[in-house]
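The values are calculated or read from the model by the stated rules, or taken from the named source; none is laboratory data. Given the structure is predicted, the values throughout are model-derived calculations rather than measurements. Ideal geometry is used to build each Cβ from the backbone, glycine not excepted, and the neighbour counts take in all protein chains shown.
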Amino acid sequence: MNAPEKYLATSTPQPATGASHPHESARAQVAGAATYIDDIPEVKGTLHAAPILSDVAHGVLRGIDASAALAMEGVRGVVLAADIPGDPILATFVHDEPIFARDRVEFLGQVVGLVVAETVMQARRAARLVKLDIEALPAVVDVREAVKLQSFVLPPVTVRRGDPERGIAQAPHRITGSLDVGGQEHFYLEGQVAYALPLEQDQWWIYSSTQHPGEVQHWVAHALGLANHDVKVECRRMGGGFGGKETQAGHVAVWATLAARKFRRPVKLRLDRDDDFMVTGKRHPFAYDWEAGFDDSGRITGLKLMLAANCGFSADLSGPVADRAVFHVDNAYFLGDVEIVSYRCKTNVQSHTAFRGFGGPQGMIATEALLGDIARHLGKDPLDVRKANLYGLEERNVTHYEMAVEDNILDPLIARLEQDAHYRQRREEIARWNAASPVIQRGIALTPVKFGISFTATFFNQAGALVHVYTDGSVQVNHGGTEMGQGLHTKILQVVADELGVPFHKVRISATDTSKVPNASATAASSGTDLNGRAAQFAARQVRQRLAEYVAEKQNCRPEQVIFAHGQVSGPDAVMTWEQLVDDAWHSRVQLWSDGFYRTPKIHYDKHTLTGRPFYYFAYGAACTEVAIDTLTGENRVLKVDILHDVGTSINPAIDIGQIEGGFIQGMGWLTTEQLVWNDKGSLSTHAPSTYKIPATGDVPEHFRIALWPEPNPEDNVGGSKAVGEPPFMLAISVWEALRDAAAAARGDAQVRMDAPATAENVLKALRG
Amino acid sequence: MESRTIRFVRRGELVSLSNVPPDRTLLEVLREDLACTGTKEGCGEGDCGACTVVLGEAREGGLQYRAINSCIRLAHSIDGMALWTVEDLAGADGGLHPAQEAMVQCHGSQCGFCTPGFVMSLFGMYQNHVARGEPVTRELAQEELSGNLCRCTGYRPILDAAQQMEQLPRSSVDEAAVLQQLDALAQQRAQASALGPYLAPRSLPDLLALRAAHPEAQVVAGCTDVGLWVTKMHKQFGRVLDVTRVAELRRVERHEDRVAIGAAVTLTEAFEALVQDRPQLKTFANRFAGLPVRNSGTLGGNVANGSPIGDSMPLLIALGAQLVLASARGERELPLEQFYTGYRKNVLAPDEVVAWIRVPRPVPGEFLRAYKISKRFDDDISAVCLAVNLRLEDGVVAHVAIGAGGVAATPVRALQAEAALRGRPWTQDATRAAAAALRSEFQPISDMRASAAYRSEVLGNLMQRFWLESQGQQHINLESFRIEEALAP
């Protein structure tokens, strides 16, 4: 087994933080007893909805004929744009997305309406029978074509520092390059689902599989023409999110609620997997062109980079995604003289959205590609070129968006991984082996990650929580974050247990609920624990403070002298159990519950110039990956992976390692097997797991070792920890760079254009091209 | 029409369900009719494994455990079997089964939605290996979990859990009691299988009579493709004829010169039979879908369905397999490649079924390889599949048979490439000629799996791989690539 002994699940040590507690729902999950939305017992009279999808990528919607569908057994009716009582446009930031397509369709798969029936299959069957009369218009699918046509969802953004033209012109070496990187389907195992229940007085209870209950609440209220307080949204857990349920869950919930309103019945809408692929947005595909100058050491002296994001038909989160791509073009490297032009292209495909990394991966990969090319151009080891470009500690330490990198550990972190993974010896050995190998060629790459932590929109960096202590001493915590498998709730239970000095099992989490903690931000941007963990800690701290004051008054001491640990509370005079104290305090009318609120300090940024300190801190990591390619077929395999990653002081090492491993494999999928193919009609032809291939068990190398960097977060963050949700995803760029390294070995040539994902076909093309 | 009652054993009790439509899936019955929502729907097409359950069947005096996809399994097909779902493993005291406990201890669940499926695949592995005293190696765990997708963990902790199971206190199924219940069910069942909208005859004569009587019935032989016609194409069937309970067709018969595989033999068992004779096919067999699909799907179903990207047919063509088609009128035999007449079209008469697949045993000097190119190594569909079977006499190609998939509207025999080789000395030049013939004799299409140009190029390149392998060249195929071995002096 690969797991270090110390990360196997442990019992209930105190303190709870720092221990590898199993996921708080693990025992229920393995017994099939953890409830997801579709598992909630249905209220009597529940109807089921299925979406009516546009079968044309772009066109004028002239008519909708639902007569055949309406004649089907069990069908109650259809819901169309005309049935929307409020604003027919979704309450997104840009306000550019109709709830149901009305006079035009803008992608193949766009939802025109719903069929509502007594059973799921009746609704789905009938939805296919709805005939749409669409006059087709020219459709744009390719992002480069969109750039040419100046087809944008948002205006282009340019970030510029220094004089890149001079940096390039005066450099001893110059290269240009281009790259296309594909998108990625989230493939959360639980598809999109919402269950809308009418309550009295036009109020609504929505069960939604969402990363952002507050936004679902707002969108539903907006669509129904109601106030936010009329809508309660609840989510106990999601079966995976990865960004795909940040905004996309909102559509599904709005649709379900419109149907429930029209038929005055509870309505559940669970998208079939194929419909989920066809309807919802994915990771943004990107295209790049660059020109760079560099010195003999490979250090970049000037860079001009164009990034074009394929945003799909509407803006959704594309603005912040493209911004984050711009913010992460530097990755770990100082770019002194640089110009980055970012296009946010409108195309006739699904509206691409948040996905783990949120543009960060698409920013970083361009520079990693460039550095690989520079190294091969100079005949140098790519790791040496990467090192030559790293941010410095005292100088060369300000990003292109004017933020000083204060917590830089890149140099020692990379050095340690280089040594632990025996990078240099292996590179030599691989070169020798390749020279004698007729068909298989191996490659290796060590790439770093520096990822900025905080929502770039500063106002999102706030969170609230409630901690309730009941009279028997049991504790319930509720906060605005959502659980999608990442272990947020487990970590928060650990933090609260320690704050109150009670065992882990004394604390329970309850479902995320807009009627408990309002106005919560999305659980996104890796910030779940940083924000909600601190809010919960503050809430628990207030309860503890009140109890400490109560004990202090009785024992005639200062509150700070009262110690809460191991389920006991001790003052100078007496020790009592936690339960005893709680019971006493309740009888003495001490408030046993509290709220907590947290906002991230220090951050600010100007959204027009994209400058400032958008991030509270950076999370770091590096991966060393070895691969092999087959030069006859382009098939490829990942052979070995070593990772050293920075999570600060881990609140739960097993959960953090789970995020690192899972993030890495997901990133590997993005860059290898996961290929989204739209045909010439704009139809997504990879719309199910039969054609869209996420990694499976056989793709995970046996040698897959994770180590954690041993230092705490230098910024004041909960438990000294660092965010871990997204950063490890980008460690997988090492896979792609290793594949390019292998391809270069096979070609015996510096230039390797390998578009991502590196399917067998794309690898063979890179060998031949 | 009155539907036959479905009876199966679960949690030690007999479950009896009436009036279940013939095209209702087991997953629908579990989640909607029985309100057992522990089993999840991830994709509805047998590709993600979230819906995995385990079936127990009395076979050769023992209880055979098979993890299958409940989302594309017709509910009626489990009549007379035992069923375990994720809700059935924990003890009455809430104590977890080792398959569950190991997942908790190894942190194998994150979002938890794939977890019930993994737990059930692990339970199948537990019964088939751990309970029999066989160790679970990492390789075995990977093979048997290849039909379960997880998007959160990156699999390492789940693979660890598979190996952790045997460290935990044993848990056992009271097999004698289950077998007794199954036996009782079988007694009750004997007569009723030829009635109603879901026909599941137990004997070949019954099957052929029913086929003749109900030519409109949808024939199913494992339903791993027809299941998708139900869940994805929304087809409805008034009558279903299930061949998988026909005793004669579930047999593998080994003769001196051939292995005869009944059309209702599962892919798992059919590949076992093929690999027994030709061990080099093991990886190819494991790469055919995921285990839950191989446990439900049948070789006869794969052949009769005739998908141009079905992986068994190129191999069977290269092996020189013959099909036996049967009807009440009698039997006829023909080479597999002559079975297909067009895209998903074949020579079957309305009253006929595929009964047997007869595969010649290996002869001395046979050199056989089967290659599959897909985006993902496991549980994927071929962009290109090529199987080459060659025998030399005095350095000259005495026999050659080449089957190809993914390059035409049906699985095909590469006659021109064979002609380029037959009677010629086996050399690099001959290989080039065969590769060129392969590239010219097929006009593959471009689709989401690969472009036409790629398919063409790789077809020829696979012939080159075959040549190198025939020359004893090692470490040229990533399918079997291990760094440690490659580096050994």
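If you filter segment A:308-325 down to residues that are within 15 Å of A:T158 (Cβ to Cβ) and either buried (at least 24 other Cβ atoms within 10 Å of the Cβ) or free of Cβ contacts under 8 Å to residues at least 12 places away in the same chain (or both), you find that the one that is farthest from the chain's Cα centre (by Cα) is A:A308.
Counting only helices (runs of 4 or more DSSP H) that sit completely within segment B:268-340, those holding 1 or more residues that are surrounded by 22 or more Cβ atoms within 10 Å (Cβ to Cβ), modelled with pLDDT of 95 or more and in contact with a Cys (Cβ under 7 Å, 6 or more places away or on another chain) correspond to B:291-296, B:312-319. Taking the conditions (1) part of a loop (DSSP other than H, G, I, E, B); (2) out of contact with any Phe, Trp or Tyr (no Cβ under 7 Å at 6 or more places or on another chain); (3) within 11 Å of chain A (Cβ to nearest Cβ) in turn, B:V119 satisfies each one other than (1).
One residue stands out among those in segment B:448-474 that are within 11 Å of chain A (Cβ to nearest Cβ) and not in a helix (DSSP H, G or I): the one that is nearest to B:E366 (Cα to Cα), which is B:Q471.
Determine, yes or no, whether A:R174 is in a helix (DSSP H, G or I) and either at pLDDT below 95 or not β-branched (V, I, T) (or both). So A:R174 fails the test. B:G423 meets the conditions (1) farther than 17 Å from B:R369 by Cα; (2) within 13 Å of another protein chain (Cβ to nearest Cβ); (3) not in a helix (DSSP H, G or I) in every case but one. The failed one is (2). Counting only residues that are in a strand (DSSP E or B), among the small types (G, A, S) and buried (at least 17 other Cβ atoms within 10 Å of the Cβ), segment A:549-588 holds 1 of them. Suppose we keep only residues that are farther than 24 Å from A:F334 by Cα and of a type outside the set (S, T, N, Q) within segment A:440-454. Which one would you say is surrounded by the most Cβ atoms within 10 Å (Cβ to Cβ)? Across segment A:440-454, the extreme among qualifying residues is A:R442.
For segment A:90-110, the candidate set comprises residues that are buried (at least 22 other Cβ atoms within 10 Å of the Cβ) and β-branched (V, I, T); within that set, the residue that is nearest to A:T280 (Cα to Cα) is A:I99. Only a single criterion out of (1) out of contact with any helix residue (DSSP H, G or I) (no Cβ under 7 Å at 6 or more places or on another chain); (2) over 24 Å from B:P201 (Cβ atoms) is not satisfied by B:R59, namely (2). Kindly check whether there is at least one residue in segment B:100-116 that is within 24 Å of the chain's Cα centre (by Cα), under 30 Å from A:K693 (Cα atoms), within 14 Å of chain A (Cβ to nearest Cβ) and hydrophobic (A, V, I, L, M, F, W, C). Within segment B:100-116, one or more residues are within 24 Å of the chain's Cα centre (by Cα), under 30 Å from A:K693 (Cα atoms), within 14 Å of chain A (Cβ to nearest Cβ) and hydrophobic (A, V, I, L, M, F, W, C). Give the residue that is nearest to the other protein chains (Cβ to nearest Cβ), with candidates limited to residues of segment A:205-236 that are in contact with a helix residue (DSSP H, G or I) (Cβ under 8 Å, 6 or more places away or on another chain) and among the charged types (D, E, K, R). Once the filter is applied, the top-ranked residue is A:E234. Considering only segment B:17-24, I want to know if a residue exists there that is of a type in the set (A, V, I, L, M, F, W, C) and surrounded by fewer than 23 Cβ atoms within 10 Å (Cβ to Cβ). Yes: one or more hits. For segment A:707-723, state whether one or more residues are facing chain B (nearest Cβ under 9 Å) and over 19 Å from A:I453 (Cβ atoms). Within segment A:707-723, none of the residues are facing chain B (nearest Cβ under 9 Å) and over 19 Å from A:I453 (Cβ atoms). Scoring B:Y126 on the criteria (1) more than 7 Å from every other protein chain (Cβ to nearest Cβ); (2) out of contact with any strand residue (DSSP E or B) (no Cβ under 8 Å at 6 or more places or on another chain); (3) surrounded by fewer than 23 Cβ atoms within 10 Å (Cβ to Cβ) leaves a single failure, condition (3). Scanning segment B:61-99 for residues that are touching a Cys at 6+ places or on another chain (Cβ under 7 Å), surrounded by 21 or more Cβ atoms within 10 Å (Cβ to Cβ) and at the interface with chain A (Cβ under 9 Å from one of its Cβ atoms) yields a single hit, B:T85. Where helices (runs of 4 or more DSSP H) sit wholly within segment B:138-227, those with at least 2 residues that are among the hydrophobic types (A, V, I, L, M, F, W, C) and crowded, with 21+ Cβ neighbours inside 10 Å occupy B:156-164, B:204-213. Examine segment A:376-397 for a residue that is under 24 Å from the mean Cα position of the chain (by Cα), modelled with pLDDT of 95 or more and not hydroxyl-bearing (S, T, Y), and state whether such a residue exists. No, segment A:376-397 contains no residue that is under 24 Å from the mean Cα position of the chain (by Cα), modelled with pLDDT of 95 or more and not hydroxyl-bearing (S, T, Y).
Every residue, every condition in (1) under 32 Å from the mean Cα position of the chain (by Cα); (2) buried (at least 18 other Cβ atoms within 10 Å of the Cβ); (3) modelled with pLDDT under 95, yes or no:
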| site | (1), (2), (3) |
| --- | --- |
| B:D379 | yes, yes, yes |
| B:L386 | yes, yes, no |
| B:V396 | no, no, no |
| B:E418 | yes, yes, no |
| B:R422 | no, no, no |
| B:W426 | no, yes, no |
| B:A436 | no, no, no |
| B:R449 | yes, yes, no |
| B:R455 | yes, yes, no |
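Scanning segment A:668-686 for residues that are within 21 Å of the chain's Cα centre (by Cα) and either facing chain B (nearest Cβ under 7 Å) or assigned to a loop (DSSP other than H, G, I, E, B) (or both) yields a count of 5.
Would you be able to tell me the number of residues in segment B:7-60 that are more than 10 Å from every other protein chain (Cβ to nearest Cβ) and basic (K, R)? Residues flagged as more than 10 Å from every other protein chain (Cβ to nearest Cβ) and basic (K, R) within segment B:7-60 amount to 4.
When every residue of segment A:455-462 is checked against the conditions, at least one turns out to be of a type in the set (V, I, T) and buried (at least 22 other Cβ atoms within 10 Å of the Cβ). Can you name every residue in segment A:619-649 that is of a type in the set (D, E, K, R) and either surrounded by 24 or more Cβ atoms within 10 Å (Cβ to Cβ) or within 13 Å of chain B (Cβ to nearest Cβ) (or both)? Across segment A:619-649, the qualifying residues are A:E626, A:D630, A:E635, A:R637, A:K640, A:D646. The residue list A:A101, A:A123 contains one member that is more than 31 Å from the chain's Cα centre (by Cα) and in contact (Cβ under 8 Å) with a residue 24 or more places away in the chain, which is A:A123.
Of the set (1) touching a Ser or Thr at 6+ places or on another chain (Cβ under 7 Å); (2) assigned to a strand (DSSP E or B); (3) closer than 24 Å to A:T247 by Cα, all apply to A:L108 but (2).
Looking only at residues of segment B:438-447 that are buried (at least 19 other Cβ atoms within 10 Å of the Cβ) and not in a helix (DSSP H, G or I), we find that the one that is nearest to the chain's Cα centre (by Cα) is B:P444.
Can you tell me which residue among A:Y620, A:Y605 is under 30 Å from A:T447 (Cα atoms), assigned to a strand (DSSP E or B) and at pLDDT below 95?
Result of the check over A:Y620, A:Y605: A:Y605.
Among the residues of segment A:410-439, just one is aliphatic (A, V, I, L, M), closer than 23 Å to A:V647 by Cα and surrounded by fewer than 18 Cβ atoms within 10 Å (Cβ to Cβ), namely A:A415.
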